[in-house]
Amino acid sequence: MGEMQELSTFWFVTVAAVKVVAVFTVVMGVVAYMTLAERRVSAFIQDRLGPNRVGPFGLLQPIADGIKNIIKEETMPGTAAKFYFVLGPALAIMPAVVTIAVIPFAAPLPTPVGTVDMVVADVPIGILYILALSSLAVYGIVLSGWASNNKYAFLGGLRASAQMISYEVALGLSVIAVLLLVGNVTLTETVWKQQQLGMWFVFPLSLAFVFFLISALAETNRLPFDMPEAESELITGYHTEYSAMKFSMFFIAEYAHVVTASALLATLFFGGWDIPFWTGDDMFRHESGWIRGFDEAGAPIPATPSVLITLLTLGAFCAKTGFFLLLYIWIRWTLPRFRYDQVMHLGWKVLLPGALGYVMLVAGTMLVLDQLEVPFGPVYGGVLTAVSGVTTLAFLLFVDRDRVIAGAHRKRNLARRRAGLPAEAGDPAVSS
Amino acid sequence: MAISVKVMRRPEAGRTSYMRATLKGMSLTFKHLVRPTKVTLEYPEEQPDLHPRWRGTHRMEVHADGRPKCVACGLCPTVCPANCIRLTGGEDDQGNRYPIVYEIDEFRCIFCGMCQEVCPVEAIHVGQHFENAEYARDRFVYDLDRLMEQDHAVTLLWDPSDPRSE
């Protein structure tokens, strides 16, 4: 076995269409139930029960919400730029749902017509495609904010553009560390390399994971980075003027982004569909067949795709993605919103230099390891884990020095203290 | 400094933390997430425990033979601060006074309970009841028959020797 049975053109197109429909349906379903999960988890965190009336445990609530949003009246502000006002939600939702296409969600599935990759489109540009499309999401927000002709909506759009562009930099830089280790940009190979290394990239690239997690929170405009919405400051920011299904579109887009970001976190740092401590599921397309790895002599060991492995790996992928979805909700209902200057400070002065330095560190460590001809395996990963672990600890201690959340008053007082002056009056916390 | 500038009081260095505070907060929210006791009262199925001195919709006490205990003395319309009680008294052939008309406008009522306090024969009471929604406004004027039909528990009067009802 191990011989690859290629799909004929007809079957390739058919299978691709089926995958597109299936993945889109599943993502939309997850998005719908994310709204329910968000409401129920937030309720439980606040010692409430949340919506539990529509269907058993409130499971039909998203359907009721959907029907309500469709039959509600849509308003169109008289002074809005109508074309862009309608275009906004469409632009917001499009990149959110197409980015999931390149994420592999299970091991290859053997079918009578050939072995099917469990990824909608295994494009060779993988991560670059995701970075390119997720950057487009900001256009929907900025356009809808501007087209609403409302100062709060406009401010929200403006903040979104500043924030998303700032954090895109840190996001891209943290991905570069992964790209260095993988040596390719396709996500199928990212999963394969993690199986090869024998450990998930969260260990050898722990700091990149921290950066990616923070940047992904900011990119999806979720609390504590929901500057574009900021209910208490900007009403609801860019979607203030939207109603009914157009309003719903922004929410679908936000949750679709969360799903994509969670799937991406799972794929880049938690082995994708890989099942830990088991090499039986390792599988990669190598030359003319599926391989599990290479033996001592460097000859490929063939692998046999099976339905069972596909299902198991699908389960592993769903579990990992589900964990990050829960983490997103959990963080949202724990942390308060950053101040705008804190967001910018964290993005430009902490994450950007940190990620840059970390890329250099990873590249340097890998250069040393390659020079010493350490094989790509546990030792290689172990050294990187040690280096990254120390760096991550140092970084966490650095941000723990209250740099990011200290206000102007404290800085002023610190300056006064250095100058040998007493602290400003009226602040017991400082003067004590 | 301009007088309108508010100086935010922020903790000193070393007292705030970014990571530790985040992790602390996450663990706190997680504890609440898994905590089985919730404060939500699932209302129509679960009823709230009303305080013994809760003052709600009125109720007229009746004698064993079904006559209202009210003797139409006129004290409750006199004492009512919202002026929501309409009473016309009458007298039967044995000389017993009884209400011909006794109406309480529950919209005007402020549920102070003074009618119950003032009643010499313990006829009119405010009750431990709050589910009094209606489809029409005129249904909120309770007449004598309606007041006698009510069967909810009545409010406990305030006892000066036990001010907290213990």
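Can you tell me what percent of all Cα-Cα pairs in region B:14-146 are more than 28 Å apart?
Details: 3638 of 8778 pairs.
That fraction is 41 percent.
Which far-off residues, 5 or more places away or on another chain, put their amide H under 5 Å from the one on A:T111, with H placed in the peptide plane?
A:V116
Tell me the mean residue ellipticity at 222 nm calculated for chain A from its helices only (DSSP H runs of n ≥ 4, each -39500 (n - 2.57), averaged over every residue, nearest 500).
On the way: 15 runs with 262 residues, N = 432.
The helix contribution divided over chain A gives -20500 deg cm²/dmol.
Treat the count of other C-beta atoms within 10 Å as a stand-in for reagent exposure and order A:Y139, B:Y135 from fewest to most. Can you show the working numbers first?
On the way: A:Y139 19, B:Y135 5.
The most exposed by this proxy come first: B:Y135, A:Y139.
DSSP loop trypsin sites (Lys or Arg not before Pro) in region B:87-166 with at most 11 other Cβ atoms within 10 Å of their Cβ, which ones? Please report the intermediate quantities before stating the final value.
Numbers: sites: B:R97, B:R108, B:R137, B:R139, B:R146, B:R164; in loops: B:R108, B:R164.
Filter output for region B:87-166: B:R164.
Each residue of region B:132-146 in order: what ³J(HN,Hα) in whole Hz does its phi give by Karplus 6.51 cos²θ - 1.76 cosθ + 1.60, θ = phi - 60°, with x for Gly and Pro?
10, 6, 9, 8, 10, 5, 5, 6, 8, 8, 7, 8, 4, 4, 5
Answer with one residue from A:G420, A:A17, A:I176: the one whose Cα lies farthest towards the positive end of the charge dipole of the protein assembly as shown, charges on Cβ with Lys, Arg +1 and Asp, Glu -1.
Result: A:G420, furthest along the dipole toward the positive end.
Where the centre of each part is set by its Cα atoms, how far does region A:90-144 sit from region A:249-274, in angstrom?
If you average the Cα positions of each part, the centres end up 10 Å apart.
Can you give me the orientation-averaged projected area of the convex hull built on the Cα atoms of region A:211-259, in nm²? Before the final figure, lay out each step's value.
Working: hull surface 13.8 nm².
Taking the Cα atoms of region A:211-259, their convex hull projects to 3.4 nm² on average.
Given Cα pairs under 8 Å that are at least 6 residues apart, what percent is the relative contact order of chain B? Before the final figure, lay out each step's value.
On the way: 215 pairs, mean separation 41.3, N = 166.
That works out to 25 percent.
Which loop chymotrypsin sites (Phe, Trp or Tyr not before Pro) in region B:10-109, with loop taken from DSSP, have no more than 15 other Cβ atoms within 10 angstrom of their Cβ? Mind showing how you got there, number by number?
Values: sites: B:Y18, B:F30, B:W54, B:Y102, B:F107; in loops: B:Y18, B:W54, B:F107.
Listed in order of number, the matching sites are B:F107.
Looking at region A:1-67, which GluC sites (Glu not before Pro) are in a loop (DSSP not H, G, I, E or B) and have at most 14 other Cβ atoms within 10 Å? Present the calculation step by step, with values, prior to reporting the outcome.
Values: sites: A:E3, A:E6, A:E38; in loops: A:E6.
Hits after loop and neighbour filter: A:E6.
How fast does region A:125-229 diffuse by Stokes-Einstein, in µm²/s, taking the Kirkwood radius from C-alpha pairs at 4 °C and 1.567 mPa s? Before the final figure, lay out the partial values.
On the way: Rh = 14.9 Å.
Estimated diffusion coefficient is 87 µm²/s.
So if I average 1/r over every pair of distinct C-alpha atoms in region B:99-149 and take the inverse, what Kirkwood radius in Å does that give? The partial results should precede the final answer.
Details: mean 1/r = 0.0831 Å⁻¹.
Value: 12.0 Å, from the Cα pair sum.
For the Cα atoms of chain B, what angle does the longest principal axis make with the long axis of helix B:19-34, in degrees from 0 to 90, nearest 10?
30 degrees
Per the Kirkwood formula on distinct C-alpha pairs, the Rh of region B:75-166 is how many angstrom? Mind showing how you got there, number by number?
Details: mean 1/r = 0.0683 Å⁻¹.
Result for region B:75-166 stands at 14.6 Å.
Once the principal axes of the Cα atoms of the protein assembly as shown are found, what is the range along each, listed largest first in whole angstroms?
Principal-axis extents of the Cα atoms in the protein assembly as shown, largest first: 120, 78, 54 Å.
Work out which helices of chain A, taken as complete DSSP H runs, extend at least 20 Å along their axis over the Cα atoms and score a mean Kyte-Doolittle of -1.0 or more, then list them. Working shown, then result.
Values: long enough: A:9-45 (51 Å, 1.56); A:82-98 (25 Å, 1.69); A:126-147 (33 Å, 1.78); A:151-182 (46 Å, 1.39); A:244-269 (37 Å, 1.35); A:307-332 (37 Å, 1.74); A:352-371 (28 Å, 1.36); A:378-399 (30 Å, 1.75).
Correct list, ordered by number: A:9-45, A:82-98, A:126-147, A:151-182, A:244-269, A:307-332, A:352-371, A:378-399.
Values quoted throughout were computed directly from the atomic coordinates according to the rules given, and no laboratory measurement underlies them. Small disclaimer: the values here were computed from a predicted structure and weren't measured. Cβ coordinates were reconstructed from backbone atoms using ideal geometry, including for glycine residues, and neighbour counts include every protein chain displayed.
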